[in-house]
Structure formats: structure tokens, C-alpha cells
Amino acid sequence: MSNPPSPDRILIFDTTLRDGEQSPGATLNVEEKLVIARQLARLGVDIIEAGFPFASPGDFEAVQKIAREVGTADGPTICGLARATRGDIERAGEAIKPAAKGRIHTFLATSDIHMQYKLRKSREEVLAIAPEMVAYAKTFTKDVEFSPEDAGRSDPEFLYQVLEAAIAAGATTVNIPDTVGYLTPTEFGGLIRGIRENVPNIDQAVISVHGHNDLGLAVANFLEAVKNGARQLECTINGIGERAGNAALEELVMAMHVRRAFYNPFLGRPAESEAPLTNIDTRQIYKTSRLVSNLTGMFVQPNKAIVGANAFAHESGIHQDGVLKNKLTYEIMDATSIGLTDNQIVLGKHSGRNAFRTRLQELGYELDDQALNRAFLRFKELADKKKEITDWDIESIVNDETQQAPEHFHLGLVQVSCGDSAKPTATVTLRTPDGQELMDAAIGTGPVDAVYKAINRVVDIPNQLIEFSVQSVTEGIDALGEVTIRVRHEDRVFSGHAANTDIVVASAHAYLHALNRLYTALQGEKAIHPQRDAVTASL
């Protein structure tokens with residue numbers, strides 16, 4: 001059985017790879033999930049909900065691989081989600097088996113509206129099923145979490161009965177989900193307080209909370225829950241997730257970091273205590289945010305709290321003057337505390353591979369020889385174009401070169417001709433793994449449109465471009481430009497990401513990234529692949 005948490009420490013349960021991936025277009029392949037899981041371990045999350053093993057063979061493989069490679073004895077607990085059915089629980093138990101610390105998270109709706117219209121079961125039936133399935137999950141692992149789905153709209157008295165039965169059956173964590181983002185902070189705090197006061201065996205389990213941001217209240221709800229006894233927070237990087245998303249990990253962690261003097265008394269310790277409230281290494285927050293954004297193709301809005309591009313920017317003259325005199329005048333936290341840095345590396349176009357590798361290690365990257373060689377070549381190309389290279393440039397190169405989908409099509413050449421009195425024309429050359437070279441040209445409304453039309457003529461996979469965004473990594477005319485796109489094929493969305501000092505080239509690479517992911521998915525559909533929508537849950 002896993003050790004109970006310290007009463008003065010909050011456990012962080014990250015569900016980016018499960019609930020976060022349910023965001024439209026945020027589908028991740030197995031290798032991408034593994035990359036994120038490794039970074040979540042570096043971040044210091046206590047539990048990684050790695051996926052929904054029963055949902056698809058891909059999800060099962062991802063959970064199992066993360067359990068094997070990230071779920072080490074000194075690493076996070078690896079969790080698999082399961083409906084309260086034997087088939088789901090068996091599949092989750094098999095998937096988490098390689099982990100040193102594995103958890104099954106099983107759920108069953110308890111609100112009248114869910115029981116009547118979704119489950120079509122009575123209260124008596126639900127009250128019988130919940131403990132039976134918790135007990136069954138205990139045959140696979142001692143660490144079992146139970147969630148009464150839509151707890152926020154459940155009858156409290158019935159909720160107390162279900163929770164008591166689940167704990168008696170062996171649940172070590174009980175999660176209270178505000179599934180539809182309906183509650184206000186006062187209501188959510190009162191719900192947690194009511195559970196503590198009315199569930200006789202509640203001291204035998206950790207109280208967890210999960211919530212969605214439909215009314216923009218998820219983070220506020222969670223912080224109120226902490227004040228009332230919740231000791232595990234289920235959240236996602238950048239707050240991604242179904243509909244309006246989940247409570248954002250970075251906002252929760254930094255709120256408790258900056259205001260720990262306020263929260264300390266609620267955790268039973270002196271207000272002046274400087275001990276951290278979570279195990280999170282806050283210096284890894286920004287890097288984790290960028291990684292998840294790049295791989296999911298979900299853009300972080302500039303005014304997003306903590307990790308947005310404007311979070312530490314000041315344009316007002318009064319603000320600038322104050323910050324220059326003392327940062328505390330307008331900044332309640334130091335940018336370096338989340339991993340932001342203005343450091344410029346001392347490497348240049350004459351720097352060698354060893355120096356480059358050393359700098360990457362200092363930035364927290366461990367690359368194999370093949371990935372290092374690709375990143376080093378990109379670095380040398382960039383060093384020939386830019387006078388100054390920042391750590392952000394280096395991170396963008398590494399992310400771009402090491403997080404690509406399998407290359408069924410590789411960009412060999414892209415050439416454009418455009419102007420205010422000429423029709424934008426693009427010529428592209430693509431290479432296939434067998435060495436075949438394919439070329440075509442097209443006219444578009446602009447250079448990027450022409451490039452995309454030319455690529456489509458070569459690849460010949462029906463798709464619709466539904467989102468295109470460009471961001472500058474650093475300042476200056478020679479800055480790296482990052483392009484993120486999303487394309488739709490039938491009812492599925494695929495994202496692509498790339499960086500280059502030439503926006504047209506970056507756009508071509510990002511488009512091919514998305515098309516390669518689409519091509520991989522189409523190839524995979526030759527095997528049995530149950531539809532995720534049939535078993536998806538958004539607690």
C-alpha cells in the first residue's frame with residue numbers, strides 16, 4: 001500500500017495525458033506521450049494519469065510503456081483510468097503492472113441526471129456496484145482511487161454513502177469531480193467540508209478534487225477545496241482538457257507557492273513556514289508548458305497566467321519604471337522561479353558538439369546520438385544566420401527536431417515567388433523513406449497557401465486547414481518563428497509544429513508534421529481500433 005501523504009503537503013495528480021488529451025485535436029501518439037511523461041517526472045508530479053487503457057490499443061500501449069519506463073521506484077505513481085466494469089479494470093491493471101507504483105482510477109456516476117439518463121441505474125444499483133468494482137481493482141493493485149462522477153451535482157447524502165462504501169472496499173483515494181464545471185468556490189469548499197464531516201471512514205483515504213473550467217472557476221474551486229481538507233489536486237498542464245479545460249497545474253502550484261503563508265495554517269503548520277506545499281520543481285514549469293503546447297498543437301494565449309508570453313511583460317511606462325526600480329512593485333513572483341531565463345549562451349558557429357551537448361544537459365535535455373546530431377546541425381545553421389542565440393532558441397530547435405512524427409514525407413526543397421504584382425507560386429520537393437523524390441508546384445493567395453497547395457498535390461491526403469498561428473521565439477528581425485497548425489480529416493484533428501528563421505519554411509515543415517501524423521493514423525486504422533468516443537470519460 002502506498003504511504004499516506006504528509007498532512008502538510010498537497011499531492012499533484014497530472015491528467016494531461018488522459019483528460020488533457022481529450023481536447024479536440026490534442027491526440028498524442030505513444031512516443032509523444034512518453035516524452036511528456038518523462039518531463040512530468042522531472043517536474044515532480046506525484047501521480048501521472050497516463051491514459052485510459054480500455055479506450056484503444058494505442059492508449060493501452062502508452063500507459064504500459066510509461067509504467068515501464070517512467071514508473072520507477074523513485075518516480076511518480078502511474079495511473080490508468082477505468083470505468084466501474086471488470087473489463088476496464090482488468091485492462092488498466094494489466095497496463096500499469098510494470099510500474100513500481102501503480103494505481104487504478106475507477107469511476108461511476110452518482111448524480112441523479114447521470115444515473116437516470118446515462119447509466120440507467122438506480123441508486124441502489126450504483127451503491128452496490130461501486131464497492132464491488134473497488135474491491136475488484138484491489139486484486140490488481142493496492143492503490144485504488146474511486147471517483148463518483150458528477151459529484152458536484154449529486155445528492156450529498158447519497159454521495160456520503162457511496163464514498164463510505166468505496167473506502168470500506170479499499171479505496172485509498174476518493175476523488176470529488178466537478179465534472180461539468182458547475183460549482184462555485186463556496187459550494188465546492190462546502191462539499192469537501194461536508195464529506196469530511198459526514199463520511200465516517202474518510203480518514204482512511206486521501207480526498208482528491210477534479211474539476212472543469214466551464215465558468216472559469218476551476219482553480220479557485222481547487223484552492224477553496226485545499227482550505228477545506230483536499231490533499232490531492234487533479235490538473236493539467238496549461239489547463240487543457242475537454243470543453244473549457246481543467247484546472248491548470250501551473251496556476252495551482254504557483255498560487256500555493258507565492259501565497260504559502262496564507263495556505264500554511266490550513267495545512268496545519270505555522271504561517272511563516274517556508275516549506276513548499278507541493279513536490280513540484282517550479283523551475284520546470286515553463287519548459288513543461290512549452291512541450292505540451294508544441295506536441296498537442298494547443299496555443300497558449302499571451303495573457304495566460306504564469307506561462308503566457310505576457311505574464312512577465314510590462315508595457316505601461318509607470319509599470320516599467322517601477323519594475324526597473326524594484327521588481328516587487330509589479331511582479332509577485334520571479335520569472336526564474338518557473339524556469340524563464342534571459343541568459344544568452346556563449347556558443348557560436350565555431351562551437352563543437354561537446355559544448356553543445358553540455359549546454360543541452362544544463363538546460364535539462366538528454367538526447368541520444370541521433371537526436372543530438374539533428375539538433376546540432378540545426379544549431380549550426382542557425383548560428384550562421386543569427387548573431388546572438390538564446391536558450392529559448394536552443395530549446396525551440398531541440399523540441400522541433402526531437403518531437404516530430406514518423407517521416408513518411410520529408411521536405412527536400414521549398415521555393416516561393418511572390419510580390420504585390422505577382423501571383424504567389426511555390427515549388428516543393430518531398431522525399432519518401434524509400435528514396436523516391438516527388439515534386440510539384442502550385443499558385444496560392446499567398447506564399448504559405450501556395451506551399452500548402454503544392455504539398456497537397458504531392459501527398460494527396462484530403463484535409464482542411466482549420467488553424468494557423470505564428471509566434472516569435474525571441475525578439476529581433478532574425479528571431480526564430482514557430483508555426484503551429486491544425487488540420488482536419490473527416491472527424492479527426494491533427495496538429496503540426498515547426499520552427500525556423502524563415503516563416504515559409506517553418507510553415508511547410510509544420511504542415512508536413514501534421515500530414516505525417518495523419519498518414520500514420522490512417523495506416524494504423526488497418527488494425528482494430530475502437531472509437532475513443534464510445535468509452536471516453538471527462539470526470
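The values are calculated or read from the model by the stated rules, or taken from the named source; none is laboratory data. These figures come from a predicted structure and were not determined experimentally. All Cβ positions, even for glycine, are placed from backbone atoms using ideal geometry, and neighbour counts span all protein chains on display. Surface accessibility is based on the protein's heavy atoms, side chains included, excluding ligands, DNA and RNA. Shrake-Rupley method; radii C 1.70, N 1.55, O 1.52, S 1.80 Å.
Scanning residues 5 or more positions from L108 or on other chains, those with amide H under 5 Å from its amide H are S147, E149, with H placed 1.01 Å from N in the peptide plane.
Can you give the angle from 0 to 90° between the axis of helix 30-43 and the longest principal axis of the chain, with both taken from C-alpha atoms, to the nearest 10? Once rounded, one gets 70 degrees. Across the options T282, P433, A220, the greatest Cα extent toward the positive end of the charge dipole of the chain (unit charges at beta carbon of Lys, Arg, Asp, Glu) belongs to P433. When only alpha carbons are used to place a centre, the stretch 140-186 and the stretch 237-302 end up 23 Å from one another.
Residue-wise HN-Hα couplings along the stretch 178-187, as the Karplus relation 6.51 cos²θ - 1.76 cosθ + 1.60 with θ = phi - 60° gives them from phi, are 9, 4, 10, x, 8, 7, 9, x, 4, 5 Hz; Gly and Pro carry x. Normalised radius of gyration (Cα atoms, divided by 2.2 N^0.38 Å) for the stretch 410-529: 1.09. Its relative contact order, with pairs defined as Cα atoms under 8 Å and 6+ residues apart, puts the stretch 43-109 at 35 percent. For the chain, the direction-averaged projected area of the alpha-carbon convex hull comes to 27.0 nm². Averaged per residue, the chain has 44 square angstrom of accessible surface, using a 1.4 angstrom probe with ligands and nucleic acids left out.
Take every pair of alpha-carbon atoms less than 8 Å apart whose residues are at least six positions apart; their mean separation over the length of the chain yields a relative contact order of 12 percent.
Considering helices alone, the calculated mean residue ellipticity of the chain at 222 nm is -11500 deg cm²/dmol, with DSSP H runs of length four and up weighted by -39500 (n - 2.57) and normalised per residue.
Cross-link pairs exceeding 28 Å in C-alpha to C-alpha distance, out of K101/K121; K138/K227; K65/K121; K287/K385; K33/K101; K142/K287, comprise K101/K121; K138/K227; K65/K121; K142/K287. Heavy atoms only, probe 1.4 Å: what % of the accessible area of the chain goes to carbon and sulfur, would you let me know? Within the chain, the accessible surface is 50 percent carbon and sulfur.
In 10 Å bins starting at 0, how do the alpha-carbon pair distances of the stretch 55-104 split up by percent? Reading the bins upward from 0: 32, 55, 14, 0. On the principal axes of its alpha carbon atoms, the stretch 101-214 extends 36, 30, 26 Å, with the longest extent given first. For the chain, the Cβ-based charge dipole about the Cα centre amounts to some 480 debye (Lys, Arg positive; Asp, Glu negative; other atoms uncharged). Per residue, the convex hull spanned by the Cα atoms of the stretch 1-133 measures out at 135 cubic angstrom.
For the stretch 164-305, the relative contact order comes to 19 percent (Cα pairs under 8 Å, sequence separation of at least 6). Among the DSSP beta bridges whose two residues both lie in the chain, what percent are antiparallel, rounded to the nearest 5? Within the chain, antiparallel bridges account for around 50 percent of the total.
On a 0 to 90° scale, report how tilted helix 391-402 is relative to the longest principal axis of the chain, with both axes built from alpha carbons and the result rounded to the nearest 10. It works out to around 90 degrees.
Taking Cα atoms only, the orientation of helix 86-96 departs from the longest principal axis of the chain by about 60 degrees. Under 5 Å from the amide H of G44 lie the amide H atoms of D281, each residue being 5 or more positions distant or on a separate chain, with H modelled from the backbone and absent for Pro and chain starts.
Debye-formula intensities of the stretch 220-305, expressed as log10 I(q)/I(0) at q = 0.11 Å⁻¹, are -0.33 (one equal scatterer per alpha-carbon, no solvent). Residues whose amide H comes within less than 5 Å of that of T501, counting only those at least five positions distant or on another chain, are G481 (H built at 1.01 Å from N in the peptide plane).
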